[in-house]
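Read through the structure below, which is laid out as structure tokens, and then see the notes.
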Amino acid sequence: MMKKLIHNSKVFFSGLSSIAFPRVCLCCGLETTEEERQICSFCRQDRFEAANPDYRRCSSGVILPDAVTVQHALWNFDKGGLLQDLMHYLKYERLTGIGIELGANLGESMHRHPLIRELFNRTEEKVLLPVPLHYLKFRKRGFNQAYYITKGIQSVIGIPICNLKDVVRRKNTRSQTGFSLKKRVANMQGAFRVRRPEAVEGKIIIIIDDVFTTGSTSFELASVLKESGSREIAIATVAQA
């Protein structure tokens with residue numbers, strides 16, 4: 001009797017919640033199913049342009065440094081478009097569930113990438129590393145958007161996430177928007193530090209971020225990881241700008 005009462009209560013409050021807070025897609029505004037959450041299946045599959053449909057070693061066209069084995073992005077960034085809106089909701093409106101959903105989509109795409117799948121099949125220990133946020137920015141924002149994207153990836157591929165205290169951002173860098181490549185590189189020099197080398201030594205590290213532009217941030221992080229003994233390094237992002 002009690003179990004039935006609890007079940008009926010859950011059904012009632014679930015229905016009440018769907019009326020008060022209807023599940024609608026943040027892209028098209030249509031109602032979504034429980035599984036689709038905030039982005040409907042149509043928008044996930046057809047709304048955005050794939051950044052690396054041929055699963056090349058590099059989705060950006062930039063020359064990868066020796067420290068990086070592969071760089072992959074899910075979708076092309078659409079300045080002023082829907083993907084930028086989703087990124088804004090995640091980064092500034094604290095809708096962290098969007099980050100997890102985007103990360104899950106990125107994780108599925110990573111599984112389809114031959115070079116990344118090859119890294120997954122290697123015997124070395126593998127670790128997901130969200131690009132660290134400086135503690136002052138973390139205190140102001142309250143969270144790291146790259147971490148929630150990483151959580152979404154982890155839900156698909158099951159690789160552990162690096163402890164956020166093991167690799168840190170020690171330089172509170174300025175926003176790179178509008179910077180030339182030279183200024184971006186100078187801005188990021190000395191930005192990261194591996195506090196616990198054994199957390200990355202001999203391991204395959206997959207750096208996760210929201211947007212890949214010139215690579216100045218992730219390449220600087222990869223260089224520091226390589227100096228600390230990481231075996232292989234990959235970079236994966238939701239967007240390619």
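The values are calculated or read from the model by the stated rules, or taken from the named source; none is laboratory data. The structure presented is a predicted model; accordingly, all values stated were derived computationally and were not measured. Neighbour counts run over all protein chains shown; Cβ positions are idealised from the backbone, glycine included. Please note that ligands, DNA and RNA were not included when accessible areas were found on the heavy atoms of the full protein model with its side chains. Shrake-Rupley method; radii C 1.70, N 1.55, O 1.52, S 1.80 Å.
Points to keep in mind about this one:
- Filtered by the rule that a residue be under 14 Å from the mean Cα position of the chain (by Cα) and either of a type in the set (K, R) or over 21 Å from T214 (Cβ atoms) (or both), region 42-87 gives a lone residue, L86.
- Count of region 92-114 residues which are open to solvent by 10 Å² or more (accessible area, probe 1.4 Å) and either touching a helix residue (DSSP H, G or I) at 6+ places or on another chain (Cβ under 7 Å) or modelled with pLDDT under 95 (or both): 12
- Residue match in region 206-227 (condition: touching a residue at least 12 places away in the same chain (Cβ under 8 Å), among the small types (G, A, S), closer than 15 Å to V68 by Cβ and touching an Asp or Glu at 6+ places or on another chain (Cβ under 8 Å)): yes
- Yes/no for R117 being open to solvent by 50 Å² or more (accessible area, probe 1.4 Å), more than 16 Å from the chain's Cα centre (by Cα), closer than 21 Å to R44 by Cβ and touching a residue at least 24 places away in the same chain (Cβ under 8 Å): no
- Summed over region 5-54, residues that are at pLDDT below 50 and of a type outside the set (G, A, S) total 11.
- Output for region 216-236, where each listed residue is open to solvent by 10 Å² or more (accessible area, probe 1.4 Å) and among the β-branched types (V, I, T): T217, V224
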